[in-house]
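Enquirer: Provided herewith is a single structure, encoded as structure tokens, for subsequent inquiry.
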Amino acid sequence: MLVYLVKRLIISIVVLLGIALGTFLMIHLIPGDPAKIQLGVHATPEAVEQLHHKWGLDRSWPEQFWLYLGNIVTLNFGESTAFSSNIAELIGNRVGPSAAILIYGILIALIIGVPLAIIAALRQGGVVDNAIRVVTTFTFAMPPFWLGLMLALLLGFELKWFPVSGYEGGIGGILRTCTVPALTIGLGLLVVIVRNLRASLVTVLNSEYIEAARARGYGEFRVVGRHAMKNSVVGTITILASLFGFLVGLLVLVENVFQIPGAGTLLVQAVSKRDYQLVQTLVFLSGAVVVIIGFLADIAYAWLDPRIRLAGRS
């Protein structure tokens, strides 16, 4: 297992370096002078030169990239020209709402999806199984923007259960202001959980050791809960981790639809205001989070699947 994790760690570090290189080149491949674009057409040569020095654009590319890596390690991302604020502090203030919506949305998907997957697997090929697959596919097929608006119309304007914009901290505030955005994410993710977990459960439930457990007189609840789920959940964890990049993109859309002051809204604001350094930082951090989640999923995968541990010893 240790050998496996070391390999995955090395791969993750290489990917992080690739993301850093990509975001570094993003500034340099912009047509024209980034400093002039940032300052506008009426910028004086002195102001452009000053911004060149501040961003390190007056150095060679290798020096700039090395400096950029050093700033990443020390979390020194510089100042936002659009918001006149330290970028690290600015992003730190926006992470809370984004994390709350994302975690809440995943929890909703799991709370709804896991029972549906179990029911569908136990009723394989029946009316209930087909109905679950049709409904989950329908929610996935709906564009997230449209799904969010429909949920806001129903739960916010018609039933008046939840507000349709804004954000409040604390457990009560999160439940009140983040339920509709989280539902948008959770329903979009539902089909992935149901389909993958159902397929894994169907395979496991037809295996010999499950038949042996049934022959001992174990009920279906115990068979599924204590035997089938552990082997079935491994693939679902891997799928969820691989979709985390999609979830980050979905989060940007959801935050802007519901006017949540999170990192996704900040990214759109930074792009519209041409704050390239802030955009660069947000893109890198988003990619880094995806890589870290993938590495943590690898750890969970190795822990849950004994074959990985045995392969690591060989």
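Enquirer: Identify, from the list S272, S286, the residue that is under 21 Å from A109 (Cβ atoms) and small (G, A, S).
Expert: Numbers: S272 fails: under 21 Å from A109 (Cβ atoms).
It is S286.
Enquirer: Could I ask something else about it? Would you pick out the residues in the range 258-278 that are surrounded by fewer than 19 Cβ atoms within 10 Å (Cβ to Cβ) and assigned to a helix (DSSP H, G or I)?
Expert: Kept after step one, since they are surrounded by fewer than 19 Cβ atoms within 10 Å (Cβ to Cβ), are these residues of the range 258-278: 259, 261, 268-269, 271-274.
Listed by number, the residues that qualify are V268, Q269, V271, S272.
Enquirer: Identify, by number, the condition in (1) touching a residue at least 40 places away in the same chain (Cβ under 8 Å); (2) surrounded by fewer than 19 Cβ atoms within 10 Å (Cβ to Cβ) that F77 doesn't meet.
Expert: Only one criterion is unmet by F77, namely (2).
Enquirer: Being assigned to a helix (DSSP H, G or I), in contact (Cβ under 8 Å) with a residue 60 or more places away in the chain and farther than 17 Å from M229 by Cβ is the requirement here; does L107 meet it?
Expert: Values: assigned to a helix (DSSP H, G or I): yes; in contact (Cβ under 8 Å) with a residue 60 or more places away in the chain: yes; farther than 17 Å from M229 by Cβ: yes.
For L107, the condition - assigned to a helix (DSSP H, G or I), in contact (Cβ under 8 Å) with a residue 60 or more places away in the chain and farther than 17 Å from M229 by Cβ - is met.
Enquirer: Can you go through A100, A121 and tell me which one is closer than 18 Å to S200 by Cβ and buried (at least 17 other Cβ atoms within 10 Å of the Cβ)?
Expert: A121
Since every read-out is calculated from the coordinates, none of them should be taken as a lab result. Fair warning: this is a prediction, and the values are worked out from it, not measured in the lab. Virtual Cβ from ideal backbone geometry, glycine too; neighbours counted across all protein chains shown.
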